[in-house]
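Notes for the one structure printed next.
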Number of protein chains: 2
Amino acid sequence: MTAPLAVSLGDPAGVGPELIAETWARRAGERLHPFFVCGGASVLREAAALRGIALDLELIENPGEARAAFARALPVLGGGDGAYRPGFPDDPGARLALASLEAAAALTHAGAAAGLVTGPIAKAALAAVGFAFPGQTEFVAHVCGVAAEDAVMMLAGPSLRTVPLTVHIALAEVPARLSAELIVRRARIVAAGLQRDFGIAAPRLAICGLNPHAGENGRMGREEIEIIAPAIAALRAAGIDATGPHPADTLFAPRLRATYDVAIAMYHDQALVPIKALDFDQGVNVTLGLPIVRTSPDHGTAFGIAGTGTADPGAMIAAIRMAGEMAARRAASD
Amino acid sequence: MTAPLAVSLGDPAGVGPELIAETWARRAGERLHPFFVCGGASVLREAAALRGIALDLELIENPGEARAAFARALPVLGGGDGAYRPGFPDDPGARLALASLEAAAALTHAGAAAGLVTGPIAKAALAAVGFAFPGQTEFVAHVCGVAAEDAVMMLAGPSLRTVPLTVHIALAEVPARLSAELIVRRARIVAAGLQRDFGIAAPRLAICGLNPHAGENGRMGREEIEIIAPAIAALRAAGIDATGPHPADTLFAPRLRATYDVAIAMYHDQALVPIKALDFDQGVNVTLGLPIVRTSPDHGTAFGIAGTGTADPGAMIAAIRMAGEMAARRAASD
């Protein structure tokens, strides 16, 4: 029997706790894999009450109890807790978020949980209490003993999957950061992840160009000719169904979306603009290349609306559902 | 009474002629402003026949005859014509496309037509027969005596309007090309165009950042601080409702789209990715800053599907409808 999922609370002043509670309340209709939360029992209870959710909560002592408890209550593992002050992040809250993340990641890496779903944190708040990683993804990679550059972020929604090859760097630095080696290395991780975790036997990878119209044969930039096309050739030589370089502007139109399983983008906004335009409240951030399953809702803490009952639970539900499906596929193939 | 619209044929080997014929056939249901085509009578006739459209065609001698003819037939002005060979562009076809464009632009600039709608051309094919402009927009600006940099391309669809501030240059050249002066100059043209031609009394302009998350206060690029924010301040000082710099990845999500009338993007794909993802078959390319009304369907010649009957007429219909609405607004305010 597959283990439950471990869910980290996220920043207790953000929308994480209320969305976790809301997701638990919808567990039957959404047919979700059982999950437990690491810590934050009273935060979850108060967030649920403010949102008007009838939440039963059950403290568990080990992940193995979560499955049985899940039908009747939201299982919470561990006694870390704090005050619920939505919209007012502070250091104790950041420490609670960090402890929850650390516990959930460790339990998943140890095999006690079948997958990790991380609630939204505020990077600056975590950094203020000593968190030394740029984001949760790098931390999780570290826990798993994987180099940060091999933990590949994929955004997945109902309309589209996209992978940005470069992420949080200035746009001016993007061209110099690209190399055929980078593209090949990450694209292979993506292809393997789609096979293992998404059940796609021969994933179709559409590789974006960098320049307008993919450079028009070198008239507007030569990265397509010198970097991207050679990478695609190497991927194809390795048996991967990679195509491109595709002009990015048309690649996300409906007819073209039907021709690939994932679009590999060269920079942050090339990947995130289309998925947020199309799948805003349902986008899941998946980390490929890890020994564990890890997903996250593709939104932030949304401090501004936390506690108001207006935050959309779609992405949290989708992140938990996707992690459950990925875990089930891994369990079936083991 | 408002004059008719002048429509240029586009490349006769592309989808332009069949889509013009299809649009005429739908004139009643779509409640379109009367239009005429410059030349290409037999091309239009054959393209319509291949698409299975019952097309009546009427040669007219001056634009003034178009309105009366339009109800019963597609009015064609001028004897320029050629063979219809869909999917096989050649020099005679390019010359026909160019002659049609020149005539339609000249008639509109002279006031004999209330607006210009240009069919899709292939830039390389036109260049091969001596066309010295980068694209139709620059040519139309030249005919109107407007500097090319003051003819501003806006993409407009049912979901979104976007303006790319830089267009057909390599991505690596974008940061150096941006300046506060450029942003202010073009944004003022956009604001004036939305007032005059779209009936928006106080247009809301959302200005994109260049970098991921609009740079996060300079952590990923300083263009937002040094260039874009000062431009926004100058626009606001001039009484224009400009906001930003906004992170581009979230700006095109549904809730945010409702907060502005146009998004001003810093580069080609930042504007074109979201509009093509959302409004692919209905996107209209509008040129603002001209003394005349000018629109175009936001797609190319699509030589690969010309003559197969599969090209979607949505963008051509939308371009002609929008030109008619813009022309009516100008007529009403004159």
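What follows draws every value from the coordinates through simple rules; no lab data is involved. Quick caveat: nothing in here was measured; it's all calculated off a predicted structure. Positions of Cβ are backbone-derived with ideal geometry, glycine not excepted, and every protein chain shown enters the neighbour counts.
Observations, loosely collected:
- Against chain A, whose longest principal axis is taken from its Cα atoms, helix A:314-333 shows a tilt of about 80°.
- Within straight-line reach of B:LYS276, meaning a Cα separation under 29 Å, sit the following lysines at least 8 residues removed in sequence or on another chain: A:LYS276, B:LYS123.
- Cα centroid of the range A:1-72 to Cα centroid of the range A:156-174, whole Å: 30
- Residues considered: B:PRO175, B:PRO63, B:PRO313. Largest GNM mean-square fluctuation over chain B, using C-alpha springs under 10 Å, is found at B:PRO175.
- Local charge for B:ALA328 was computed over the other residues whose Cβ lies under 14 Å away, with Lys and Arg +1 and Asp and Glu -1, and equals +3.
- Partner chain coverage, peptide B:263-272 - average Cβ within 10 angstrom: 5
- Simple rule: put +1 on each Lys or Arg Cβ and -1 on each Asp or Glu Cβ in the range A:152-288, find the dipole, and look at A:VAL163, A:HIS268, A:ILE200; the Cα lying farthest toward the positive end is A:ILE200.
- The rule of thumb for compact globular proteins, 2.2 N^0.38 Å, goes into the C-alpha radius of gyration of the range A:97-148 1.09 times.
- Cβ-derived FRET efficiency at R0 60 Å, B:ARG329 paired with A:ARG329, nearest 0.05: 0.60
- The range A:152-288 - Debye-derived log10 I(q)/I(0), Cα point model, q = 0.19 Å⁻¹: -1.09
- Sequence-distant contacts, meaning Cα pairs under 8 Å at least 6 residues apart, place the relative contact order of chain A at 24 percent.
- The protein assembly as shown - mean residue ellipticity at 222 nm from DSSP helices (-39,500 (n - 2.57) per run, n ≥ 4, rounded to 500): -11500 deg cm²/dmol
- Sorted from closest to farthest, the other copies place their B:GLU102 label points 7.6 nm away, with each point set 7 Å from Cα along Cα→Cβ.
- Net +/- balance of residues flanking B:ALA151 in space, Cβ distance below 9 Å, scoring K and R +1, D and E -1: -2
- The distance separating the Cα centre of the range B:205-228 from that of the range A:309-327 comes to 31 Å.
- Folded to 0 to 90 degrees: helix A:16-25 orientation relative to chain A principal axis, Cα: 80
- Cα long-axis angle, helix A:268-279 against chain A (0 to 90 degrees, to the nearest 10): 60
- Exercise: per-residue mean of other protein chain Cβ atoms within 10 Å, A:247-257: 6
- Over the protein assembly as shown, the Kirkwood radius and the radius of gyration, each from Cα atoms, give a ratio Rg/Rh of 1.03.
- Put simply, the convex hull of the Cα atoms in chain B casts, on average, a shadow of 16.3 nm².
- Inter-label distance, nm, simple model (7 Å from Cα along the C-beta direction), B:GLU65/B:LYS123: 3.7
- Two-site FRET efficiency, A:HIS168 against B:GLU173, from Cβ-Cβ distance with R₀ of 25 Å, rounded to 0.05: 0.65
- Inter-copy label distances at A:ASP334 (7 Å, Cα→Cβ; nm, one decimal): 7.6
- Net charge dipole, the protein assembly as shown: roughly 640 debye, given to the nearest 20, about the Cα centre with Cβ charges of +1 for Lys and Arg and -1 for Asp and Glu.
- Shortest first, B:ARG177 label-point distances to identical copies amount to 2.1 nm, with the label point at 7 Å from Cα along Cα→Cβ.
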